[in-house]
1. Restricting attention to the stretch 178-202, and to residues there that are exposed (fewer than 14 other Cβ atoms within 10 Å of the Cβ) and polar (S, T, N, Q), which single residue is farthest from Glu146 (Cα to Cα)?
2. Could you tell me which of the residues Val93, Val13, Val22, Val49 is out of contact with any helix residue (DSSP H, G or I) (no Cβ under 9 Å at 6 or more places or on another chain) and touching a residue at least 40 places away in the same chain (Cβ under 8 Å)?
3. Which one of the conditions (1) surrounded by 14 or more Cβ atoms within 10 Å (Cβ to Cβ); (2) not polar (S, T, N, Q); (3) not in a strand (DSSP E or B) does Leu28 fail to meet, given that it meets all the rest?
Amino acid sequence: MSDGPLDPLQVAVRVGTALESVGAAYFLGGSLASSLQGEPRSTNDIDFVIELAPWSVPRFVAALGGDFAVDPVALTNALRRGGTTNIFFLPLVMKIDLFARGDKPFDEAEFQRRRTVSIGSAGAESAKLWIKSPEDSVLRKLLWYEEGGRVSERQWRDVVALLRVGGPTLEWVYLDTWANRLRLSELLEGAMRDAGVTRPPR
């Protein structure tokens, strides 16, 4: 990793490393994940979905270190109720949202399909970061777009970019199956048109 000023991705690596050090599972989601999978854009949003035992919170806080501000009670409560809370990276006054892993079928499928990416430049030591799959990034952002009243241009642009960049490499059977289950098929078709992509032959 670079010794220069930290960016959101490097902050995400620090959080991911702390989670793994206490045996927690996680994946990076949100705009930072879609920027890695689609078209890069500036973002300060850092979203994690985590599977962390409430009794491991003190060890997680210690692993993060003094650069992070954490409310252990709020985090413990969020984990117990399946909710969300946030922590802050103080040097950049950067907010990191932590979402407890959900228990719905799509939440489980999304978590099972997470994968690792290497973060780092050529010739430098790279770090590992768990990230959601591009198909799940598309589906989750379409869900957020739908639940937000279909007004978020940012979410829509992210979906279109993911489809444009992913194209034929996406797992279209999975994407279509879950779009149908989540009642997102119409939105997926519209995003595909905007992206100028079609499903590859099966």
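All of the numbers you see were taken from the coordinates with simple rules; none came from a lab. Bear in mind the structure is a predicted one, so any value in this text is a computation, not a measurement. Counting neighbours? That spans all protein chains shown, and the Cβs are built from the backbone with ideal geometry, glycine included.
1. Filtering first and then ranking leaves Thr198.
2. The unique qualifying residue is Val13.
3. The one condition Leu28 does not meet is (3).
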